[in-house]
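J.: The following block contains the structure, expressed as structure tokens.
The values are calculated or read from the model by the stated rules, or taken from the named source; none is laboratory data. Keep in mind that this is a model prediction, so the values were computed, not measured. Here the Cβ is made from the backbone with ideal geometry for all residues, glycine too, and neighbour counts use every protein chain on show. Just the protein is used for accessible areas: all its heavy atoms, side chains included, with ligands, DNA and RNA removed. Shrake-Rupley method; radii C 1.70, N 1.55, O 1.52, S 1.80 Å.
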Amino acid sequence: MLAKLKTIARAARLAVARTLRRHRGAPDPLTAEGAQQRFAQVRGAAIAIAVVGATGWVLWKHAPVQGAGPGEVGVRTNQLTGQVVQWRDGSVLVLPGVHQAQVFSLRDRVYKPLQMSSASGQAPVQSVEGLSVGVDLAVRYALDPSKVTTTARNLPPDLGAEVVEPAVQGIAYKVFARYTVREIFSTRRVEIQQALETELRGKLAADGVLLRGVQVGKVDLPADYKRGMENLLAEELETQKMQYTLELKDKRVKQVELEANAEKVQREVRAEAAAREQVIAARAQEEAMKHVLPFKERQIEQRRLEAEAEKEARLKMAEGNAQARRIEATGEADARRKLAEAEAFRMEKVGQANADQMAREGSLISKHPLLIQKTLADKLSDKVQVIIAPPGTGSSFLAANLLGGAGAQPQPEVQHAAASAEEQ
């Protein structure tokens, strides 16, 4: 479009420039010749403007350019020389009758064969048993940009309908016919998908189409076979469940065995560690005993020495006590001897005094015989007030009658003596 506008502007500038150049050498417009010349110039200018406008309109409506947008690729072929030019995201000049331009989309496209999607549809795939199976198939493809230049002339306008669809149908029916319904439904879906991709990729690549991938979706089974397959799958699931259960139990048994082995190893390690610990403790104790025994021996020696010292001290103390006791006993014996001597001396003096006293009393009694009765009366008691005794005879003893003696006759003198004593 920009090139088209530039071309129209350039043509207008050229027409104006030619008109100005003609006006510089023009005759007088007031004359007839000048008027005719002027009219001719105006007509020529009008014709030129009309031609330019028509040309611009034609160029505007039918621009000799071809553009390619994002995600597209263009191929221009020179019909005279056979040269092929490829461009993207822009415009190129395309001259009518000389160039031929084609624009192709490089975006991914998806083809879904709807006739295969249902087991009761128009054209379901056939299994190896001859049963009709519906497959939800999706083929994702795109135009290979590296081969557009070589395949542009041969590419049909509808790439999906004229290239991809026949290729997919030709390969899909052939591939699915190799497998059973059960394999298509569950066990070999991935393998089927890979086989479809492998064969389709090579076939589409020959036409310049790049295969992105093939997806096998829902599988529609025949009604009777579907019920049988569901039952069979249920049994298989049950079998697999049982298998998984057995594997799980087997693994649990192995786990228990491994745990027991681990526990055994731990116990062995602990026992070894405990034995080593005991050995180390024994060695340490033995090492310690090397230092403890001399210490104990020194303690025993010290205690023996202390006992001997205590024994010696006690002996010394006993000897001192014995010596002190001996000294005390000696002093006490001396004191007692002194006291005995003093007592003997005192008794000797007392006896001597008593003898002297008795001698004096004997002489006194000899002179005064009644003094004995008086003394007897004094010795009896301080509380005796009256003594009644038979009278004695002559100068007999006052208490002779009380004693039953022969001389207990003169009682009146005794009474008299008692009365005299009571008076005194």
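J.: For segment 108-221, what is the convex hull (Cα atoms) projected area averaged across all directions, in square nanometres? Before the final figure, lay out each step's value.
T.: Values: hull surface 26.4 nm².
Projected area, direction-averaged: 6.6 nm².
J.: Something else: Treat each spin label as a single point 7 Å out from the Cα along the C-beta direction, and report the I47 to E343 distance in nm.
T.: In this crude label model, I47 to E343 measures out at 20.2 nm.
J.: OK, next. Amide H of L106 versus every other amide H placed in the peptide plane: which residues, excluding those fewer than 5 positions away on the same chain, fall under 5 Å?
T.: Hits under the 5 Å cutoff: E72, V73.
J.: Here's something else I'd like to know. Which FRET efficiency, nearest 0.05, do L114 and W57 yield, Cβ-Cβ r, R0 41 Å?
T.: Numbers: r = 47 Å, r/R0 = 1.14.
Here the calculated transfer efficiency is 0.30.
J.: Still on this model: Treating only the Cβ of Lys, Arg, Asp and Glu as charged (+1, +1, -1, -1), what charge dipole size does segment 224-352 show about its Cα centre? Round to the nearest 20 debye.
T.: Values: 27 positive and 28 negative charges, 176 e Å.
Using only the charged Cβ atoms, the result is roughly 840 debye.
J.: Each label point is 7 Å from the Cα along the Cα-to-Cβ direction; what then is the distance between the points at Q36 and Q352, in nm?
T.: Placing both labels 7 Å along Cα→Cβ, they lie 22.9 nm apart.
J.: In square angstrom, what is the accessible area per residue of segment 143-258 with a 1.4 angstrom probe?
T.: Numbers: 7100 Å² over 116 residues.
On a per-residue basis, segment 143-258 sits at 61 Å².
J.: Does a label point 7 Å from the Cα of Q102, set along Cα-to-beta-carbon, have any residues of segment 184-210 with amide nitrogen under 20 Å, and which are they?
T.: From segment 184-210, the list is 203-210.
J.: Under the 0.36 nm per residue contour assumption, what length would be gained going from the current alpha-carbon distance of I280 and E129 to full extension? Don't skip to the end; give the middle numbers.
T.: Details: separation 151, 0.36 × 151 = 54.36 nm, distance 8.07 nm.
Length gained, I280 through E129: 46.3 nm.
J.: If amide H atoms are built 1.01 Å from N in the plane of the peptide, which residues on other chains or at least 5 residues away come under 5 Å of the amide H of D144?
T.: Excluding prolines and chain starts, which carry no amide H, the hits are V209, L210.
J.: Right, something else. If you average 1/r over all unlike Cα pairs in segment 46-106 and invert the result, what Kirkwood radius do you get in angstrom?
T.: So the Kirkwood estimate lands at 12.8 Å.
J.: Using Cα-only point scatterers and the Debye equation, what is log10 of I(q)/I(0) for segment 224-352 at each q in 0.14, 0.17, 0.23 Å⁻¹, rounded to two decimals?
T.: -0.95, -1.04, -1.20
J.: Right, next: Just the number, please: carbon plus sulfur as a percent of the accessible area of segment 108-221, 1.4 Å probe, no ligands or DNA/RNA counted.
T.: On the way: 2710 of 5460 Å².
Answer for segment 108-221 is 50 percent, counting heavy atoms of protein chains only.
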